[in-house]
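Each remark here refers to the structure printed beneath this line.
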Amino acid sequence: MTVPFKLSVNNDSDNLSPYSDKANLPPTVLSQIINEGVELPHPFVFKITNDSDPFIYTYIGVKEFIGEPGEIDLPSLVTAKLQNPTTVILDLQRDIPKATSLKLKPSLFYPISNWKFFLESRLTHYTLVEKGNTIIIEDGGLKYELQVEQINDSDSVTVASIIDTDVTVDMVPLNDNVAQQQLEFNKSHYDQFGSIQELKKEEEVVIHELSSFINPRFVPRLYKIDISNWSGENLWIELETDDPTHLVNADCVVGESKLLTIENFAYSSMAEDEKVSKLIANGFHAKKTIHIDFKRDELILNKLNRCRQLSDAEEGDDRYLYLIPFTWQGDETVSLRIADKQGDSDYKITSDSKKCPKCSKLIPKENFLLHESRCPLKQKVEPVDSKLMQFKHIQLYEKQYQCCSQAFDTFFDLVRHKAVCPNKVIECRFCHLIVPQELATYQDNFEGLTHHENLCGNKTQECIKCSKLIRRKDATKHMQLHDYEKAEINQSISFKKCSNVNCVNEAGSNELNLCELCFGPLYIAQFDPTNIKLQSRIERKYMLQLTKGCDQVWCNNEHCKAGNPRLNNNSMKDSMILIQQLFGSIHQPRLPINEKNGVAKEGETKFWFCVNESVSKKKLWSDILKSEGGYTEEIVLQALKLNNDESSVRQWLKDNAIARG
């Protein structure tokens with residue numbers, strides 16, 4: 001047992017987070033524990049007591065062993081719990097349980113949609129949780145206070161470690177009002193991100209009353225495009241309005257994240273105005289388009305590469321591009337369409353049409369004289385709103401913008417900065433929290449991660465297959481190693497099935513290629529060079545099956561009276577004829593009756609013997625799994641060999657077998 005340590009409290013230390021339970025201890029404490037020669041606990045947990053009052057105590061973890069000799073640096077939270085002691089007593093604890101579940105009660109309503117992910121990334125300053133104590137977390141200038149109501153679903157557990165353990169978190173609302181606020185917040189979060197409409201290839205979506213982003217009540221309408229199974233080499237996004245002259249008023253932006261905004265995007269239609277204006281002025285049909293090249297666009301290539309690392313069931317931003325349409329002033333009705341080829345255009349005047357110099361419309365030549373005499377427009381009309389064009393030009397090309405204490409001459413310069421801005425909001429692929437991406441280093445860029453994701457990805461987690469601790473960002477590569485191991489296992493499996501059609505066991509070393517269970521009744525110790533005695537035993541077994549049956553209710557043998565009721569009406573002569581046919585399926589070893597009847601030597605030898613209930617059930621599972629077509633027969637039989645129930649067989653196949661494509 002470790003001797004308690006008596007240490008003085010150093011109140012001048014400022015290198016600890018105030019809201020934490022991790023202290024700095026002197027190196028002599030670690031040396032003394034090591035010198036005892038016993039196994040070191042993980043994590044280090046100490047009971048710390050106010051030397052002046054033994055009833056005032058709490059528990060702490062260790063940040064580092066770098067304190068001054070005889071002194072301890074305590075966070076202000078721990079100091080307050082101990083009522084500002086001058087000296088403390090430390091007692092090493094070796095039996096602190098791991099936390100598996102927590103009930104926490106927030107002191108207020110906090111706008112957090114996923115508490116588990118939030119706490120997982122914010123509780124790094126804590127080693128333990130104590131029942132009745134309040135966990136205080138400081139993040140982004142806000143303070144979150146959570147009272148520990150219960151640990152491990154038991155009122156008897158008063159303290160537990162939260163290091164290297166998977167914890168189920170249950171949030172208990174403070175009152176009914178807070179509960180209602182949380183429900184409304186969760187609903188709004190789902191409405192924004194949980195039900196995003198997906199745009200399908202060649203499908204046109206009409207959006208009525210699309211509003212202006214300048215309107216304070218503007219709510220973005222978010223759409224997504226699945227690029228994981230996109231068949232073409234190009235993606236064309238087309239935007240049209242009912243009145244072509246209003247097309248300048250509508251735009252859309254496209255990005256790789258659902259956190260897409262009007263100033264944080266990868267592609268847009270905002271540079272199409274001049275082209276659209278000229279087309280309309282010349283009487284042509286106009287639409288705004290965004291073209292994305294799947295073979296050359298670096299952003300798309302990187303996104304598709306990450307997408308290939310996702311499992312079929314796994315959702316993620318990497319599967320989709322996201323799109324937001326909007327207007328600049330007033331409401332419009334617009335239509336969206338995506339395709340792998342650009343839509344047809346009527347940009348050229350055909351030989352059958354002529355442009356009216358008054359209204360700029362294309363008129364069929366045979367109707368041109370009639371149209372010219374009745375055309376009410378004596379002068380050419382303005383095709384688009386020139387004031388709106390001027391307003392957009394100023395906003396996009398002449399107005400200066402500020403971000404991160406930098407000035408940008410055009411809106412598009414700001415957009416390029418937003419792609420790398422440290423304050424750009426992302427959803428971390430590891431902790432799934434919406435956080436700033438932070439300033440990227442060369443290592444972050446090399447790994448294709450934001451700075452936050454790189455730090456978050458360096459945290460470890462336990463592999464569900466081998467229980468090794470791996471970094472989150474290495475989890476995909478680590479699972480690929482298991483896939484390679486799985487491939488090696490599949491290639492090494494060579495299962496030779498028992499020649500009994502009703503059996504799924506592995507064939508033995510006998511010349512009939514039967515398993516030991518099926519071959520047992522046929523075995524004789526006598527010398528039988530002509531196989532006449534083997535033939536008589538096979539004949540006797542078949543005769544008993546066909547005339548009397550095996551009397552087992554589970555029997556599914558088509559050549560047994562118990563398994564096939566149609567054999568009840570067979571005469572002895574019918575049975576003898578059927579036995580002779582069954583002998584025709586025995587090609588090796590050579591039997592006298594087959595030599596006499598000229599049965600071929602080449603061919604697959606088959607038997608139809610009855611089996612026990614266990615084998616009969618496995619045969620049924622084998623037939624079901626083979627009919628599903630997910631795995632090869634050899635793999636299915638190997639799984640049945642190693643497991644005795646259907647759920648275990650399916651789990652083994654999931655863990656060790658490679659499914660058919």
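A few points about this structure:
- Matching residues, segment 1-46, being acidic (D, E) and closer than 23 Å to V159 by Cα: D21, E39
- Subset of segment 215-254 that is among the small types (G, A, S) and closer than 18 Å to L301 by Cβ - its residue that is surrounded by the most Cβ atoms within 10 Å (Cβ to Cβ): S228
- Residue match in segment 95-114 (condition: surrounded by 15 or more Cβ atoms within 10 Å (Cβ to Cβ), under 18 Å from E138 (Cα atoms), small (G, A, S) and out of contact with any strand residue (DSSP E or B) (no Cβ under 8 Å at 6 or more places or on another chain)): yes
- Test: residue in segment 4-24 that is buried (at least 18 other Cβ atoms within 10 Å of the Cβ), in a strand (DSSP E or B) and either of a type in the set (V, I, T) or touching a His at 6+ places or on another chain (Cβ under 6 Å) (or both): yes
- Residues of segment 422-438 satisfying the condition of being closer than 21 Å to V254 by Cβ and touching a residue at least 60 places away in the same chain (Cβ under 8 Å): K424, V425, I426, E427, R429, I434
- Residues (among the charged types (D, E, K, R), under 19 Å from I493 (Cα atoms) and under 29 Å from the mean Cα position of the chain (by Cα)) located in segment 604-661: K626, R650, K654, D655, R660
- Take the conditions (1) within 56 Å of the chain's Cα centre (by Cα); (2) surrounded by 13 or more Cβ atoms within 10 Å (Cβ to Cβ); L578 misses just one of them, which is (1).
- Residue satisfying condition, being within 38 Å of the chain's Cα centre (by Cα), at pLDDT below 90 and hydrophobic (A, V, I, L, M, F, W, C), within set L104, L40: L40
- Test: residue in segment 441-454 that is under 34 Å from the mean Cα position of the chain (by Cα), outside any helix (DSSP H, G or I) and hydroxyl-bearing (S, T, Y): yes
- Qualifying residue in segment 606-616 (condition: at pLDDT 90 or above, on the phi > 0 side of the Ramachandran plot, exposed (fewer than 15 other Cβ atoms within 10 Å of the Cβ) and among the small types (G, A, S)): no
The values are calculated or read from the model by the stated rules, or taken from the named source; none is laboratory data. The structure displayed is predicted, hence computed values, not measured ones. Positions of Cβ are generated from backbone atoms using ideal geometry, with glycine treated the same way; all protein chains shown enter the neighbour counts.
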